[in-house]
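For reference, the structure discussed in these notes is given below.
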Amino acid sequence: MQRTPDPDGPSTGRVHVDIRDSVATVRIDRPPANAVDPRLIAEMLGALPPLVTDPSVRCIVIRGTGRFFVAGADIAVMRSLDEATQRAMRGWVDVQNVLAAAPKPVVAAINGHALGGGAELALACDTRIMSSSATIGFPETSLGLFPGAGGSQRLPRLLGAHRALLLMIDGTRLDAESARDMGLVDRVLSDDEFDAAVADTAASYAAKPTAAIGLLKSVVARGTALPLDDALDLEFDAVLRLIETDDAAEGLSAFLDKRTPHFTGR
């Protein structure tokens with residue numbers, strides 16, 4: 001089944017949603033470089049929330065079109081150095097927050113270059129799979145800026161403050177192998193293998209107990225900012241919610257019956 005954004009909403013035809021076998025693939029298509037502007041932000045914010053709340057969607061894949069994942073902010077927009085422009089572009093953080101809080105796995109399929117805002121978008125996903133011909137980085141300092149749409153906060157949480165700070169100060173553009181070795185991405189595939197590997201990964205995640213995964217994402221995201229005792233209380237509250245799910249009952253029954261579990265996300 002294929003869905004496209006509501007033509008009466010903020011759609012500009014730059015975001016395409018395809019849903020197959022419980023996996024929703026969201027493809028950004030704004031030639032030539034999939035650069036971010038307020039219209040693209042609006043369309044993403046229109047397309048993503050229904051996928052997050054749709055129980056039939058059990059995994060979300062984010063990818064770009066052509067040679068780019070997302071090239072970053074549209075410089076033609078950003079050259080307006082005023083507060084109104086910055087607030088309009090700040091919606092890109094809202095897009096990331098929707099993905100980070102999604103109660104299901106989210107895969108960044110980095111099919112091409114992911115720079116600035118594109119790298120920030122990838123950081124908000126649960127796992128990052130990168131094509132071997134792609135690059136990723138935060139080049140904002142070359143423009144007299146810094147990664148101000150989530151990057152300055154998400155990257156240190158992933159790599160550690162020192163390494164992340166140097167990466168952003170230097171404006172380093174990493175090839176895929178270097179990004180994987182650094183821990184910025186999780187897997188690197190050749191261009192020929194990339195699409196099939198993304199599809200296999202998404203199908204694997206969609207078959208998992210997404211009720212448990214959603215609670216796990218919430219506990220990790222909230223708990224890391226709390227003292228340990230408070231975080232452990234948060235964890236136990238989530239466990240009590242988890243044992244009421246159909247997936248928990250199914251997983252334990254399947255183990256005892258020596259069969260493959262069939263999870264529904266409920």
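Coupling constants for segment 84-97 follow from the phi torsions by the Karplus curve (6.51 cos²θ - 1.76 cosθ + 1.60, θ = phi - 60°), and in residue order they are 4, 5, 5, 5, 5, 6, 5, x, 4, 5, 4, 4, 4, 5 Hz; glycine and proline get x. Computed on the Cα trace of segment 210-257, the radius of gyration divided by the Kirkwood hydrodynamic radius gives Rg/Rh = 1.08.
Each of 212, 256, 224 was scored by the projection of its Cα onto the charge dipole of segment 210-257, and the greatest displacement toward the positive side belongs to 224; charges sit on the C-beta of Lys, Arg, Asp and Glu. Relative to the current alpha-carbon distance between residue 177 and residue 77, full extension at 0.36 nm per residue lengthens the span by 32.8 nm. Put simply, the amide H of residue 127, placed in the peptide plane, has neighbours under 5 Å in 106, 108, leaving out anything fewer than 5 places away on its chain.
Rank the residues 25, 260, 53, 85 as a footprinting-exposure proxy: fewest other Cβ atoms within 10 Å of their Cβ go first.
Values: 25 21, 260 7, 53 10, 85 15.
The fewest-first ordering by Cβ neighbours comes to 260, 53, 85, 25.
Listed by chain and number, the lysines whose C-alpha is less than 25 Å from the C-alpha of residue 258, apart from same-chain residues fewer than 8 away, are 208. Among 55, 105, 32, the residue with the largest mean-square fluctuation in a Gaussian network model of the chain, with springs joining Cα atoms closer than 10 Å, is 32. A Förster radius of 25 Å, combined with the Cβ-Cβ distance separating residue 204 from residue 231, puts the computed FRET efficiency at roughly 0.30. The residues 75, 110, when put in order of fewest to most other Cβ atoms within 10 Å, stand as 75, 110. Mind checking the angle between helix 210-223 and the chain's longest principal axis? C-alpha axes, 0 to 90 degrees, to the nearest 10. Compared with the principal axis, the helix lies near 60 degrees.
Once the C-beta distance of residue 162 and residue 218 is scaled by a Förster radius of 25 Å, the resulting FRET efficiency is 0.30 to the nearest 0.05.
Could you estimate the translational diffusion coefficient of segment 117-266 from the Stokes-Einstein equation, with Rh from the Kirkwood formula over C-alpha pairs, at 4 °C and 1.567 mPa s, in whole µm²/s? List each step's numbers first, then the result.
Numbers: Rh = 17.9 Å.
Once the numbers are plugged in, D ends up at 72 µm²/s.
Ordered by the number of other Cβ atoms lying within 10 Å of each residue's own Cβ, fewest first, 162, 16, 113 fall into the sequence 162, 16, 113. Provide Rg over Rh for segment 2-206; use the alpha carbon set for both Rg and the Kirkwood Rh (inverse mean inverse pair distance). Ratio of gyration radius to Kirkwood radius for segment 2-206: 0.94.
Note down the relative contact order for segment 167-266 as a percent, whole number, built from C-alpha pairs under 8 angstrom at least six residues apart. Let's see the in-between values first.
Values: 63 pairs, mean separation 24.7, N = 100.
Reported as a whole number, the value is 25 percent.
Bear in mind that the values in this text are calculations on the coordinates, not laboratory data. Computed from a predicted model, the values in this text were never measured in an experiment. A quick note on method: Cβ atoms are made from the backbone with ideal geometry, for glycine too, and the neighbour counts reach across all protein chains shown.
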